[in-house]
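Working notes, structure below.
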């Protein structure tokens, strides 16, 4: 499948890795940078969606999406990737298809993206048919200056796999894209219920902000990873004289 992601904001907050470990599947470990795990809230809209071998989903060629994510490694291969706590999308058919085909935690939401004359984006999302509340509203724009390449930027965006809970343990979806053309950004968050709705508490610090105007992404099918042998319990130690 191919998609083009547009007007994307990466907003990242540092959190203790110990806060996220209980929220991950057993075979994933938290990936850290400079001692911190990172939680990302990522609003964007997508278009030019093509799914090989499948009919076009009605109304699913262009819609908004909002991700809550962190960064992980698969415990046995040490492969880096992305783990999504949630993905909100404005099209119910796309939500159903993504849940079925990729086992990802998609939610249907009412979403709106408005653009001002200076390309400021006003982005709103209200999750439907779900509790607790998970609403989001923000204004953001590019500052027109490229980000420094490498370091933190590479850690957060050079990810070419996502992991999810499959039917029999961990599953992987491989992703291919060119390096993100990142620019410095500014943003004002009016509402951000997503982290709290999924058991995550963000620190009271300014997030790291980056913007990308557009990027084409290629997404492969779901791959169930081999089931790992259950860990053997240690042999009991005989009591003295037994």
**Prompt:** Listed residues 215, 194; which is within 18 Å of residue 39 (Cβ to Cβ), touching a strand residue (DSSP E or B) at 6+ places or on another chain (Cβ under 8 Å) and either surrounded by fewer than 16 Cβ atoms within 10 Å (Cβ to Cβ) or touching a residue at least 60 places away in the same chain (Cβ under 8 Å) (or both)?
**Reply:** 194
**Message:** Pull out all pairs, ordered by first then second residue, where Cβ-Cβ is under 7 Å, the residues are six or more apart or on different chains, the first lies in the range 84-111 and is free of Cβ contacts under 8 Å to residues at least 40 places away in the same chain and on the phi < 0 side of the Ramachandran plot, and the second is assigned to a helix (DSSP H, G or I) and surrounded by 21 or more Cβ atoms within 10 Å (Cβ to Cβ).
**Reply:** 89/95; 106/95; 107/95; 108/95
**Complete:** Residues in the range 87-97 that are assigned to a loop (DSSP other than H, G, I, E, B) and either under 10 Å from the mean Cα position of the chain (by Cα) or under 19 Å from residue 17 (Cβ atoms) (or both) total 0
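Only one of 202, 222, 182 is in contact with a helix residue (DSSP H, G or I) (Cβ under 7 Å, 6 or more places away or on another chain) and at pLDDT below 95. Can you tell me which?
None of the other options fit; the residue is 222.
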**Complete:** Among residues of the range 128-145 being touching a helix residue (DSSP H, G or I) at 6+ places or on another chain (Cβ under 9 Å) and assigned to a strand (DSSP E or B), the residue surrounded by the fewest Cβ atoms within 10 Å (Cβ to Cβ) is 135
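Of all residues being outside any strand (DSSP E or B) and surrounded by 13 or more Cβ atoms within 10 Å (Cβ to Cβ) in the range 48-86, which is modelled with the lowest pLDDT? Just the residue, please.
Applying the first criterion (outside any strand (DSSP E or B)) to the range 48-86 yields 51-62, 75-79.
Retained after the next criterion (residues that are surrounded by 13 or more Cβ atoms within 10 Å (Cβ to Cβ)): 51, 57, 60-62, 75, 79.
On the way: 51: 78, 57: 60, 60: 68, 61: 80, 62: 90, 75: 93, 79: 96.
Within the range 48-86, the match that is modelled with the lowest pLDDT is 57.
The values are calculated or read from the model by the stated rules, or taken from the named source; none is laboratory data. Note that the structure is predicted; figures quoted are calculated from it, not measured. Counting neighbours? That spans all protein chains shown, and the Cβs are built from the backbone with ideal geometry, glycine included.
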